[in-house]
1. Do any helices (runs of 4 or more DSSP H) entirely within the stretch 1-109 hold 2 or more residues that are at pLDDT 50 or above and within 16 Å of ligand 1 (Cβ to nearest atom), and if so, which?
2. Which residues, taken from the stretch 329-346, are in a strand (DSSP E or B) and over 11 Å from residue 365 (Cβ atoms)?
3. Return yes when residue 280 is away from ligand 2 (no atom under 16 Å from the Cβ), among the small types (Gly, Ala, Ser), assigned by TED's automatic domain parsing to the domain that holds residue 78 and buried (at least 19 other Cβ atoms within 10 Å of the Cβ) and no when it is not.
4. For residues that are surrounded by 24 or more Cβ atoms within 10 Å (Cβ to Cβ) and of a type in the set (Gly, Ala, Ser), scanning just the stretch 181-211, find the one that is nearest to ligand 2 (Cβ to nearest atom).
5. Please specify each residue of the stretch 312-328 satisfying the condition of being part of a helix (DSSP H, G or I) and in contact (Cβ under 8 Å) with a residue 12 or more places away in the chain.
6. I'm trying to understand the selection: among the residues of the stretch 115-131, which are closer than 18 Å to residue 66 by Cβ and either touching a residue at least 12 places away in the same chain (Cβ under 8 Å) or in a strand (DSSP E or B) (or both)?
7. If you take the residues in the stretch 190-211 that are of a type outside the set (Val, Ile, Thr) and part of a strand (DSSP E or B), which one is nearest to residue 267 (Cα to Cα)?
Amino acid sequence: MANAPATAIHGAYPRHNGLVTSASLSQPTTGHSRNPRADLLGARRVVVKIGSSSLTRADGRLNVPALRKLVDVLAEVAGQGKQVVLVTSGSISAGFMPLGLDRRPTDVATAQAAAAVGQSALMSTYTDAFGAYDIPVGQILITAADTVRRSRYHHAVQAFERLLELGAVPIVNENDALATSELRFGDNDRLAALVAQLIRADALVLLTDVDGLYDAPPSQVGAQRIPLVEHMADVADVEVTGRGSSFGTGGMITKLQSAEMATQTGIPVLLTQAANVGRAFAGDDVGTWFVASANRTSRRKVWLEHAAAMTGRLVVDEGAARALRDRGASLLAAGIRRIEGDFVTGDPVEIITERGESIAHGISAYDAGELPQMLGRSSDDLRDEFGESRVRAIVHRDDMVLVRATVTDVHSVGGMQVAD
Ligand SMILES: Nc1ncnc2c1ncn2[C@@H]1O[C@H](COP(=O)(O)OP(=O)(O)O)[C@@H](O)[C@H]1O
Ligand SMILES: N[C@@H](CCC(=O)OP(=O)(O)O)C(=O)O
């Protein structure tokens, strides 16, 4: 497939906005008295994501030598006492040849079949490669649906924690054989950020086919690597594409989304070329280092903002929209015009205006079935008719995150991509 056209998120990248490119600075020291990459040396728990572009040969098949090279480095990193979680692509690449297909499938059903066959082949290759170092691996396949309810999210945390305690390397991919309809992650970049948050990683390493974020798509003459990003807003104007190699999904856009999700919760991100993984773990000046944000958002709020697929919608009037946005209020029944979807207490819901504008994501304190009789009514009215149990807010402020225009808000629907 041809590369997607460049998507300027907010226009062209200004070269003199305080950011430093590799050509103007050989050592990444802006605002720091030390090399921030040294944080990776001290990290105890690391999530490493390797993308399709680095694991796929020109003919579309799995690049086994590249996989083995990665494992050699990760085994050494694990041997130094770090806990490593690997998020890997490659299920379809590994699956189409064994099925007798001569090229990667493009239709959904055959891609599902290739993913089912390929995922086990992929795992067997990783099991062998890590096995040479006596390191056990455990497969964790995640679907977007697993991130909808907090209870499933916590269940996933438990699986990771136990695998790590037992000295295994958890190997994660999206459950491609089943996650081909409705909402799905699509790319593994945001999945990796979610996993990093889930297990409270100390760092996230995104491995791809270019050595970091460039100030323009690297195919453009003169594009320069940006070694250090202190605030995501600094790269709001960098021109990025939605797809780089013919096999990658998401391109730089989803990598920036991933970096934003992780840094918001205090996890620094290194984005570099797969070939540089050894140097990255040695603290060398490779790739782009995204500094963890000092103003941390709670994991719960980041989950709500980016990762949770919304189960329903609450359509609110203009007064309620202003109260949420300008006064930081909780959402009361009085401001809700109608509800859409079938959800239960604790499900994530989107709050939108009647014009369809997205205001916030939040956790509903009620089942969808309880709401119709409450809509548009004041708290006093609700108390008189139903008692105290129906006076609490529909979505409490602490369970809500406003939808912001972010550096990475393109191409996402409720934090997820909709399957083609
Ligand atoms: N500003 C940019 N800086 C760096 N890479 C970019 C930029 N814009 C687009 N890209 C492209 O993003 C691609 C990486 O994304 P992708 O192909 O999805 O990789 P992966 O399979 O590793 O996830 C690179 O090959 C590169 O061409
Ligand atoms: N889950 C898919 C990979 C999705 C994908 O291509 O993601 P990415 O590596 O971020 O470009 C697979 O195993 O083929």
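1. Values: elements: 38-42, 52-55, 64-79, 91-95.
So the answer is 52-55, 64-79, 91-95.
2. Step one: filter the stretch 329-346 for residues in a strand (DSSP E or B), giving 331, 336-340.
Passing the criteria: 336, 337, 338, 339, 340.
3. Values: away from ligand 2 (no atom under 16 Å from the Cβ): yes; among the small types (Gly, Ala, Ser): yes; assigned by TED's automatic domain parsing to the domain that holds residue 78: yes; buried (at least 19 other Cβ atoms within 10 Å of the Cβ): yes.
So residue 280 fits the description; yes.
4. Here the answer is 192.
5. The answer is 318, 319, 320, 321, 323, 324, 325.
6. 118, 119, 121, 122, 123, 125, 126, 129, 130
7. Taking the stretch 190-211 first, the residues of a type outside the set (Val, Ile, Thr) are 190-194, 196-198, 200-204, 206-207, 209, 211.
Subsequent filtering for residues that are part of a strand (DSSP E or B) retains 203-204, 206-207.
Details: 203: 5, 204: 7, 206: 13, 207: 16 Å.
Here the residue is 203.
Yes or no, residue by residue, for (1) among the aliphatic types (A, V, I, L, M); (2) farther than 27 Å from residue 383 by Cβ:
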| site | (1), (2) |
| --- | --- |
| 256 | yes, yes |
| 273 | no, yes |
| 301 | no, yes |
| 306 | no, yes |
| 329 | yes, no |
| 340 | no, no |
| 344 | yes, no |
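The values are calculated or read from the model by the stated rules, or taken from the named source; none is laboratory data. The model shown is predicted, which means the values in this text are computed figures rather than measured ones. FYI the Cβ positions are ideal-geometry reconstructions off the backbone, even for glycines, and counts take in every protein chain you see.
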